[in-house]
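For reference, the structure discussed in these notes is given below.
The values are calculated or read from the model by the stated rules, or taken from the named source; none is laboratory data. Every value quoted in this text rests on a predicted model; they were computed, and no experiment measured them. Note: ideal-geometry Cβ built from the backbone for every residue, glycine included; neighbour counts use all protein chains shown. To get the accessible areas, we keep the full protein, side chains included, count just its heavy atoms, and leave off ligands, DNA and RNA. Shrake-Rupley method; radii C 1.70, N 1.55, O 1.52, S 1.80 Å.
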Amino acid sequence: MINTNNWIDDIEKVLLNRFHKNFQEANPEMVFASLSESLMNRLTPQWVDSERGQADKRQAFYLSAEFLMGRSLVNNLINANLHGETEHLLNQKGLSLADLEGFEPDAALGNGGLGRLAACFLDSAATHNLPLRGYGIYYEFGLFKQRFVDGRQTEQPDDWSMGSKIWCVRQADEAVVVRFGDQEVNAVPHDMPVVGYRAETINTLRLWKSEAIHSVDLNHFQKQNYGKALKERNDADIISMVLYPNDSTDRGKALRLKQEYFFVSASLQDMMRRYAKREEASLSDFHLWHAVQLNDTHPAVAIPELIRLLMDKGFDFEDAFQIAQKTFSYTNHTILSEALEKWSLKLFKKVLPQLYPIVLKIQKRLEGTLADMDVPESERGQYAIVNDEVINMAWLCIYGTHHINGVAELHTQILKEKELKQWYELFPKRFINVTNGVTQRRWLKLSNPELSAFITELLGNENWMTHLEELQHLENHAENPELMNRFMDIKAQKKKQLAQYIKEHEGMDILENALYDIQIKRMHEYKRQLLNALHIYDLMKRIQKNPEGSWTPRVFIFGAKAAPGYKRAKAVIRFIHWIKDQIDADPTVHQKLQVIFVENYSVSYAEKLFPAADISEQISTAGTEASGTGNMKFMINGTVTLGTYDGANVEIAEAVGDENIYIFGETVESLQELSQNYVPEELYQNVEGLKEAIDAIKLVVEDGDEDLDELYTSLLTGAHWHKADHYFVLQDFSAYREAHEKVATLYEDPLAFAKMAWINMCRSGRFSSDYAIRKYAQEIWKLS
């Protein structure tokens, strides 16, 4: 436990040493810096003790290309039990923690749910005293800062690391060398503390930064060949410079592969070095002490790399393979075939020549396994890791691990019955489901202190902070009008706070007394922000035709980033902004309907958005979203889901009952049957309002945005890689509109809507990342 005595004295000392000011004299930025440093000083002894206490235990290691951690100060104060005292101290100075948050940039080392899930898992493991160490990359720049210019997304560098130094400890003495076919670099670790609730355990996230072994060539420098003098440093810096560099060319692909191998090799070398410090440590027992989780296929090269490292220590291939297979487990996060990583054999051989022969050995071993299992030779090609001059990284992960897990019950079912059916039939005992989860410490306690205090008041304790299932004991309060009114007062307060935040950051005034309908997630076609946009346009036209009608005031809020090279996703962003402009230009409509697309959506922005939502938009095409975690963050804040029968929506529906969720549209099964003879043109011509909404895309083209022409074409005639309306936007349009009308009708009955939202919150316990991480620990990692 962290010592909480003399907290103000610690802050005063740092202020005096760094700025020569006392608490009353310091400005807010000085207070933020001193508060953060003081907290880090308090955490460090417990952090060191936690690492030492885990040294002789079996440990788990989470390899992930993304860790979307967000801001650290407030989260760490909550978990260190210093939040209330700190807020009291700041109030005496006329400040609050909310005033200081803006001085800390988001640790934006992720693109979306994959990275945020990793962050939630680290939090939950530390909270439940599980020895889990994260490994990733210390990207100098995060994904990118998003700016909108005339409704179009532009990208700027996200130099998050300038504000991260307090929370990252550079451990130069533990650097390791990583070698590629054409260069070698130092991997220098930067450690971040992951503070469990009540700070009994503080785990570590180790992020690797690529640095040159020789930073300057003095011979070239003295000859004034400055480019050549700095070439090695520049080439090394590029590896860990940017999260997910554009890989549309071979050069970009090579950099992506280097990034993946870089952090994987460094992490495995680190594990082996730490393991060697044990008394009587034998590499033959490596798997008994190390459970390594591969978070998607980005770290897949860990399998041949561990084999290589073991073979360098004298193991033969077969023994090394068996140790590796017993060490690794793999989380599959997608059922989209285009998202399953494959590498050109030629590129792989050039970048990682030391792994190339090992991958071939793994392929040969697989062929022997298939023969031993009497798989007919004619069927063996579907299992090939190396096939048609490419390496299938998902197949490598399946064959080279002891467990493969999906991230929602429907997702795992689809993997078993369709996408990975042949592998499931081969190794049925390896497949398991672990539904994703989110941490209530950040997504309820931190982001919604008002609702958290209400929950604690009703329960009489804060046990829900570590056991979210305790919220089920509040369900009977749904019948109490007084309590439901208090609940909706809190929602109104969060809406007001969000409206103020949007005013400050976007310069827009939004309605406070309206239904807040929010869709915040990565911008991708399968997530169907376009379906949302088409409905909004149709709603606008209906209001214009009947302005005196009884319309429920609605605010539709979007937050999303499109990958820089994803033109169609960027076209959707432009279309949404165009619709917004049409609404803003019509005073009659604008009083009933508003659209906001928040700029530079991030974890810290999300902390404002989730608590204010009435409706959670989870409208991906059935069978495309592996799980989703935004749906869970909305749910624990008392938000009603409007969604398809997809991903974890299925389990949310099971938890809350059909009467407390709005499910619409086709299912996985019905789409399989429909897709054979699907003609979206017929829907375009016959569904009321749909033609006018889709034709609006052409109006944007006429305004000078020719990039949207391809978006229009993709819906009605298809594109080079798919048929028309690949994600069934037109098919689900009518059902989606009908679901929205039901939402609007119920919203006019405040107590009925409050009851539905309250039940969603009360039944969210199974979607805590605490629940998920315990399942990983017990059933996959076998941690005591």
Inset, instruction - Would you work out which of PHE32, SER50, TRP7 lies farthest towards the positive end of the dipole of the stretch 1-64, given +1 charges on the beta-carbon of Lys and Arg and -1 on that of Asp and Glu, about the Cα centre? - result: SER50
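Please give the net charge around MET484, taking every other residue with its beta carbon less than 13 angstrom from that of MET484, where Lys and Arg add +1 and Asp and Glu add -1.
Values: positive: ARG486, LYS491, LYS755; negative: GLU475, GLU479, GLU482, ASP489, ASP749.
That works out to -2.
Per 0.36 nm of contour for each residue apart, how much would the distance between ALA55 and LEU16 grow if the chain were fully extended, relative to their Cα-Cα spacing? Write out the running numbers ahead of the final one.
On the way: separation 39, 0.36 × 39 = 14.04 nm, distance 3.73 nm.
Residue separation times 0.36 nm, minus the Cα-Cα distance, leaves 10.3 nm.
First check a/c for the stretch 28-117, with a ≥ b ≥ c the square roots of the eigenvalues of its C-alpha gyration tensor; if it is under 1.5, answer rounded, and if not, answer prolate when a/b is larger than b/c or oblate otherwise.
Values: a/c = 2.82, a/b = 1.43, b/c = 1.98.
It comes out oblate by the Cα gyration axes.
Sort 653-665, 107-119 by the packing proxy (mean of other Cβ within 10 Å over each peptide's residues), most packed first. Could you put the intermediate results ahead of the total?
Values: 653-665: 16.9, 107-119: 25.4.
Taking the mean over residues of other Cβ atoms within 10 Å, the ranking is 107-119, 653-665.
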Inset, instruction - With a probe of 1.4 Å, find how much accessible area the stretch 196-282 has per residue, and write the answer as a whole number in Å². - result: 50 Å²
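Counting only C-alpha contacts under 8 Å and six or more residues apart, can you give the relative contact order of the stretch 534-620 as a whole percent? Don't skip to the answer; put the middle values down first.
Values: 62 pairs, mean separation 32.0, N = 87.
Taking the mean separation of contacting Cα pairs over the length of the stretch 534-620, I get 37 percent.
Taking the Cβ of MET241 as the center, what net charge do the other residues with Cβ under 13 Å away carry, scoring Lys and Arg +1 and Asp and Glu -1? All intermediate terms of the calculation are to be shown ahead of the outcome.
On the way: positive: LYS209, ARG233, ARG256, LYS258; negative: GLU140, ASP158, ASP159, GLU211, ASP235, ASP237.
Within the 13 Å Cβ shell, the charges total -2.
Compute the length gained on full extension between ASN246 and ASP99: take 0.36 nm times their separation in residues and subtract their Cα-Cα distance, giving the result in nm to one decimal.
Details: separation 147, 0.36 × 147 = 52.92 nm, distance 3.64 nm.
Extra length available between ASN246 and ASP99 comes to 49.3 nm.
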Inset, instruction - Report the local net charge at LEU43: Lys and Arg +1, Asp and Glu -1, summed over other residues whose C-beta lies under 13 Å from its C-beta. - result: -4
Legend entry - Size of electric dipole in the stretch 642-684: Cβ of Lys, Arg +1 and of Asp, Glu -1, about Cα centre, debye, nearest 20: 100 debye
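What percent does the relative contact order of the stretch 697-784 come to when contacts are Cα pairs within less than 8 Å and at least six residues apart?
10 percent
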Inset, instruction - Give me the distance in nm between label points sitting 7 Å out from Cα along the Cα-to-Cβ direction at THR369 and HIS590, one decimal. - result: 6.2 nm
Inset, instruction - Specify the inter-centroid distance of the stretch 452-489 and the stretch 642-719, based on alpha-carbon positions, in whole Å. - result: 37 Å
Inset, instruction - Determine the relative contact order of the chain: mean sequence separation of Cα pairs under 8 Å and six or more apart, normalised by residue count, in whole percent. - result: 13 percent
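Explain nothing, just the number: dipole magnitude of the chain about its Cα centre with +1 on each Lys and Arg Cβ and -1 on each Asp and Glu Cβ, in debye rounded to the nearest 20.
Details: 85 positive and 112 negative charges, 400 e Å.
It comes to approximately 1920 debye.
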Legend entry - Distance in nm between pseudo-label sites at SER550 and GLN322 (7 Å out along the Cβ direction from Cα): 7.4 nm
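Taking only the Cα atoms of the chain, how large is their convex hull per residue, in Å³? Before the final figure, lay out the partial values.
Details: hull volume 140.9 nm³, N = 784.
For the chain, the hull spanned by Cα atoms encloses 180 Å³ per residue.
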Inset, instruction - Among ILE619, GLN259, GLN413, pick out the residue whose Cα is farthest towards the positive end of the charge dipole of the chain, where Lys and Arg carry +1 and Asp and Glu carry -1 on C-beta, about the Cα centre. - result: GLN259
Legend entry - ASP703-ALA752 pseudo-label distance in nm [points 7 Å out on the Cα-to-Cβ vector]: 3.7 nm
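How would the stretch 126-276 be classified by its alpha-carbon gyration tensor: rounded, prolate or oblate, with rounded meaning a/c under 1.5 and the a/b versus b/c comparison settling the rest?
Working: a/c = 1.91, a/b = 1.24, b/c = 1.55.
Verdict is oblate for the stretch 126-276.
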Inset, instruction - Taking each pair of different alpha-carbon atoms in the stretch 94-208 once, compute 1/r for the pair, average those values, and report the inverse of that mean as the Kirkwood hydrodynamic radius in Å to one decimal. - result: 16.4 Å
Legend entry - Förster-model FRET efficiency, 30 Å R0, ALA719 and GLU389, C-beta, rounded to 0.05: 0.75
Legend entry - Listed residue (PRO299, PHE634, ILE773) projecting farthest to the positive dipole end of the chain, Cβ model: PRO299
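In nm, what is the difference between 0.36 nm times the number of residues separating SER675 and ASP695 and their Cα-Cα distance? Let's see the in-between values first.
Values: separation 20, 0.36 × 20 = 7.20 nm, distance 2.35 nm.
Between SER675 and ASP695, full extension yields an extra 4.8 nm.
Rounded to the nearest 500, what is the chain's calculated 222 nm mean residue ellipticity when only DSSP H runs of at least 4 contribute -39500 (n - 2.57) each, over all residues? The partial results should precede the final answer.
Values: 33 runs with 368 residues, N = 784.
That comes out to -14500 deg cm²/dmol.
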Inset, instruction - Could you go through the stretch 363-369 in sequence order and give the Karplus-derived ³J(HN,Hα) for each residue, using 6.51 cos²θ - 1.76 cosθ + 1.60 with θ = phi - 60°, rounded to whole Hz, and x for Gly and Pro? - result: 4, 5, 5, 4, 4, x, 4
Inset, instruction - Please work out the C-alpha center-to-center distance from the stretch 514-571 to the stretch 110-184 and express it in whole Å. - result: 30 Å
Inset, instruction - Report, for the chain, the % of DSSP beta bridges that are antiparallel, rounded to 5. - result: 40 percent
Legend entry - the stretch 325-377: C-alpha gyration tensor shape, a/c 1.5 cut-off, then a/b vs b/c: oblate
Inset, instruction - Would you please state the base-10 log of I(q)/I(0) at q = 0.20, 0.22, 0.33, 0.34 1/Å for the stretch 394-435, with intensities from the Debye formula using one equal scatterer on every alpha carbon? - result: -0.51, -0.62, -1.29, -1.32
Inset, instruction - Using a 1.4 angstrom probe, figure out how much accessible area the stretch 625-784 has per residue, in square angstrom, rounded to the nearest whole. - result: 40 Å²
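With +1 on each Lys and Arg Cβ and -1 on each Asp and Glu Cβ, and nothing else charged, work out how big the dipole of the stretch 541-614 is about its Cα centre, in Debye to the nearest 20. Spell out each step's value before the answer.
Numbers: 12 positive and 7 negative charges, 84 e Å.
Computed charge dipole of the stretch 541-614: roughly 400 debye.
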Legend entry - Accessible-area composition of the chain, carbon plus sulfur, in percent [1.4 Å probe]: 47 percent
Inset, instruction - Keeping all protein chains in place, calculate the accessible area per residue for the stretch 49-162 (probe 1.4 angstrom), answer in Å². - result: 33 Å²
